[in-house]
Every structure is written in C-alpha cells, then in structure tokens.
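Asks: Quick one: the structure is below, and I'll ask about it shortly.
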Amino acid sequence: MKDDHYLLLTPGPLTTTDTVKETMLKDWCTWDTDYNSLVQSIRSSLLHIAGVSETSYTSVLMQGSGTFSVESVITTGVPDDGNLLVIVNGAYGQRIVSIAERVGINVSSLVFEETARPEPDILSTYLSDNPSITHVAVVHCETTTGMLNPINEIASVVNSHNKTFIVDAMSSFGGMDLPVTEMNIDYLISSANKCIQGVPGFGFVLARRDVLSQCRGQARSLSLDLYDQWESLESNDGKWRFTSPTHTVRAFRQALTELEKEGGVQARYYRYHTNQRTLVNGMRKLGFTPLLPDELQSPVITPFYYPEDPSFDFDRFYEKLKSHGFVIYPGKADNSQTFRVGNIGSIYPSDIEELLEAVEKSMYWKQAAL
Ligand SMILES: *Cc1c(COP(=O)(O)O)cnc(C)c1O
C-alpha cells in the first residue's frame, strides 16, 4: 500500500483496512430489506458497544460528517425555552457554541485553557448560580489537543444538578470505555470515520428513549431533525428519511465486525495506547516535546511543539514525511505552534516505529546544521 499511497495519521478520515474498503464495491438499494436490516444491525451493535440496554437507549444514524450529528442533537434536543451550557477547552467545544448561536438557542459557555482540564468544581458552582440551565454539553476527547476531559466527574456534577447531558464522544467512542448508563448520558454523538474505523459519510447518536421521545417538532431544520430521523428508522425497520450513504454504511458494518474480531473496545484501546506511548517515547528521543503532560493525554491524537530551530517550516516537514508514506495533521491549538499525529485507525505499533524512522529522515533542519 505504502508504495503508491500513504498512511493517514490523522483523527479521521483515517487509515482503514482493505477489507472495509472492499465492501464498497457493491451497490445497495435504500429501500430494500437487505440494506435496511444491515442498518438495524448497526443500530443494535452501537448500543451493544456502549453497553446500554435497548429499552432505555436508542441509536439514530444521520447523514453528513460528525458535526452534522452534533448539530442535529443540539438543534433538536434543546427546546426554545431551554438553556444550553457548553464546557469549552478547545475548538470542538467552541463549535457546539457556534451551532447553538446560529439558530438562536440560549447558550453560554464555561471556558477553560486548552491545555487545562475543565474543573468539575467550577462547573458545579456555575450550575448552582445559574439554575435556568437545562442542558450541559461537553467534548469527551478534545481532539484539538488530544486531551481527555474528566468525563466521570463532569457527569456526576451534571447529574446531581439534574441537567440533560450531551457528550461529543466523536473521537473516543469505540476506542475507549465509556460507561454511558452509569454516567446517565442523554445524548452521545460519534461518527463513522473515527475509532470504529469506517469511512466518512454519516454520524450517529445514542439517545435515551424517554428524552428523545419528547423532541417531536422541536428541530430548527428539516434534514437535521433527529426526532424525525429516529421515527423513520423505527417505523420503517431501518429506512432513513432521505438518501443514505449506502456504501459508507456497508463499510461501517464491516468495520464493526472487525472491531469485534480485534477483541472489542478494550483491545482497540490497548493498541491505540501502545501506538501513543511508542510515538511519544520515540519523538522525545528525537528532541520533540508533546504539548500536554502525559496524564492529560488521550491515546487518540498527540500534538507536539514545533522544534525551536528557526528554519523549521511545517509544510516542508509535512511534505518530507508524506514522501516517506505518512500524512500528519496541522495543529489546532490557539496559543502554541504545534503539529499533531493521530494514533487511531488501522495503525499498529510497527507503523509508528516506521513513522519515527521517517521523522528522523525528515528533520532537514538538523541535517542542514551538520
Ligand atoms: C472529528 C470531530 C468532530 C466532527 O468533525 P467533522 O469534521 O464534522 O467530522 C466533532 N467533535 C470532535 C471532538 C471530533 O474529534
């Protein structure tokens, strides 16, 4: 593969297996029962992975990239007299605020430094001082920095204040354990092309049935109406309202089967974790410094500071790495110059070892100094 292409070390779309890609060689009909039963099996697999019961939770698939699913939850789930609080410590938290503002939903944010953990105590105080808040949204793994937010503690605070709890678990679902029932998450959002290792084209929402069932007629958009989408899937045995991304859905079914074969979420977490440790240890040896301390870092994606050498140029480094068969990701942190390396996808520790060799060969600023 690497002879004519490159590995994506990015947080989605990411490197997928050949077997996932091969399933897309067949065409499917969106109203045929073969296809619709595939959709139904995906919906129940997602609940199974989350460890939630089918009586309390349901799953809804939604066309578009992950942001479309986030938007469908926010713009369907928060009523006109609702009041949304978003915990923000990166670009994806900020995006939820923008989604709400765009349609005039009452929204406020509790902003923390990008490199700092959101403080559950501050959240608790904020909720006590602002009893009109009805919904709280947070990003689980903030892909901006790779930080894993303290979701358990945040969940207890949100639950003790009795708020509807929305979690953007886009870059973590399927790649690490998330006790959805214990944390009493009302809406969990993720997408096809992250830790499940499918190809892009749709996202999905796991929702508490009793919560979603109260949202009829509340959406501000026709195509992103999560309730209507759910109703169609439920009453038509897996038929989407509008054209669904059939090839992507078929590939996702294969990706779910491969997740199971790998040994489930635990096994996948272990592989990602090993990738990440291998990466950071190797990069430190080469003189790079990660943005986050190890204890705040998720196994999903790792930002590194630019080297201090004034001749370092990200684009040049990127092109050199690409010529060696690896594509990395630009930084997204606000206050620091960083680049990011993703650890998720069909990527193994041996790939990371090869990446490290490629990084060493691509450090042109060192070579110039010799
Ligand atoms: C990837 C991602 C999204 C969705 O991004 P899209 O580009 O719309 O797929 C949202 N939140 C987080 C935390 C993400 O990592």
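Asks: So which residues in segment 93-107 are within 19 Å of Asp186 (Cα to Cα), in contact with a helix residue (DSSP H, G or I) (Cβ under 9 Å, 6 or more places away or on another chain) and part of a helix (DSSP H, G or I)?
Replies: Within segment 93-107, Ile96, Ile99, Ala100 qualify.
Asks: Scan segment 16-34 residue by residue and report those that are within 23 Å of Cys195 (Cα to Cα) and part of a helix (DSSP H, G or I).
Replies: Hits for segment 16-34 are Asp18, Thr19, Val20, Lys21, Glu22, Thr23, Met24, Leu25.
Asks: In addition: State whether the residues of segment 93-107 include one that is farther than 23 Å from Ile196 by Cα, aliphatic (A, V, I, L, M), more than 14 Å from the ligand (Cβ to nearest atom) and surrounded by fewer than 21 Cβ atoms within 10 Å (Cβ to Cβ).
Replies: Yes, segment 93-107 contains a residue that is farther than 23 Å from Ile196 by Cα, aliphatic (A, V, I, L, M), more than 14 Å from the ligand (Cβ to nearest atom) and surrounded by fewer than 21 Cβ atoms within 10 Å (Cβ to Cβ).
Asks: Which residues, taken from segment 83-92, are over 17 Å from Ile133 (Cα atoms) and part of a loop (DSSP other than H, G, I, E, B)?
Replies: Passing the criteria: Asn89, Gly90.
Asks: Looking at (1) farther than 25 Å from Ala267 by Cβ; (2) buried (at least 17 other Cβ atoms within 10 Å of the Cβ), which is the one condition that is false for Ile344?
Replies: Failing condition for Ile344: (1).
Asks: In segment 128-156, which residue that is under 12 Å from the mean Cα position of the chain (by Cα) and not in a strand (DSSP E or B) is nearest to Ala91 (Cα to Cα)?
Replies: Thr144
Asks: Of the residues that make up segment 231-246, is at least one more than 19 Å from Gly51 (Cβ to Cβ), within 15 Å of the ligand (Cβ to nearest atom) and in a loop (DSSP other than H, G, I, E, B)?
Replies: There is at least one residue in segment 231-246 that is more than 19 Å from Gly51 (Cβ to Cβ), within 15 Å of the ligand (Cβ to nearest atom) and in a loop (DSSP other than H, G, I, E, B).
Asks: Which condition breaks for Arg284 when tested against (1) under 30 Å from Glu119 (Cβ atoms); (2) touching a residue at least 12 places away in the same chain (Cβ under 8 Å)?
Replies: Every listed condition holds for Arg284 apart from (2).
Asks: I've got another one for you. Listed residues Thr67, Thr19; which is within 25 Å of Gly345 (Cβ to Cβ), in contact with a helix residue (DSSP H, G or I) (Cβ under 9 Å, 6 or more places away or on another chain) and within 16 Å of the ligand (Cβ to nearest atom)?
Replies: Exactly one of Thr67, Thr19 is within 25 Å of Gly345 (Cβ to Cβ), in contact with a helix residue (DSSP H, G or I) (Cβ under 9 Å, 6 or more places away or on another chain) and within 16 Å of the ligand (Cβ to nearest atom), namely Thr67.
Asks: Which one is farthest from the ligand (Cβ to nearest atom), of the residues in segment 268-327 that are small (Gly, Ala, Ser) and assigned to a loop (DSSP other than H, G, I, E, B)?
Replies: Ranking the qualifying residues of segment 268-327, first place goes to Ser311.
Quick grid of which residues meet (1) within 16 Å of the ligand (Cβ to nearest atom); (2) outside any loop (DSSP other than H, G, I, E, B); (3) not assigned by TED's automatic domain parsing to the domain that holds Ser160:
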site: Ile49; (1), (2), (3): no, yes, no
site: Leu61; (1), (2), (3): yes, yes, no
site: Asp81; (1), (2), (3): no, no, no
site: Ser109; (1), (2), (3): yes, yes, no
site: Pro118; (1), (2), (3): yes, no, no
site: Tyr126; (1), (2), (3): no, yes, no
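Asks: Looking at the structure I just gave you, is Ala155 closer than 24 Å to Glu260 by Cα and not assigned by TED's automatic domain parsing to the domain that holds Ile301?
Replies: The answer is no for Ala155.
Asks: Is it the case that Ala333 is closer than 21 Å to Gly146 by Cβ and assigned to a loop (DSSP other than H, G, I, E, B)?
Replies: yes
Asks: Keeping to segment 166-203, report how many residues are free of Cβ contacts under 8 Å to residues at least 60 places away in the same chain and within 13 Å of the ligand (Cβ to nearest atom).
Replies: Here the count works out to 2.
Asks: Give the residue, chosen from Gln254, Gln297, Gln266, that is surrounded by fewer than 15 Cβ atoms within 10 Å (Cβ to Cβ) and in contact (Cβ under 8 Å) with a residue 24 or more places away in the chain.
Replies: Step by step, each of Gln254, Gln297, Gln266 is checked, and only Gln266 is surrounded by fewer than 15 Cβ atoms within 10 Å (Cβ to Cβ) and in contact (Cβ under 8 Å) with a residue 24 or more places away in the chain.
Asks: Within segment 347-370, track down each residue that is closer than 14 Å to Thr274 by Cβ and of a type outside the set (A, V, I, L, M, F, W, C).
Replies: The answer is Tyr348, Pro349, Ser350, Asp351, Glu353.
The values are calculated or read from the model by the stated rules, or taken from the named source; none is laboratory data. Everything numeric in this text was worked out from a predicted model, so none of it was measured. Here the Cβ is made from the backbone with ideal geometry for all residues, glycine too, and neighbour counts use every protein chain on show.
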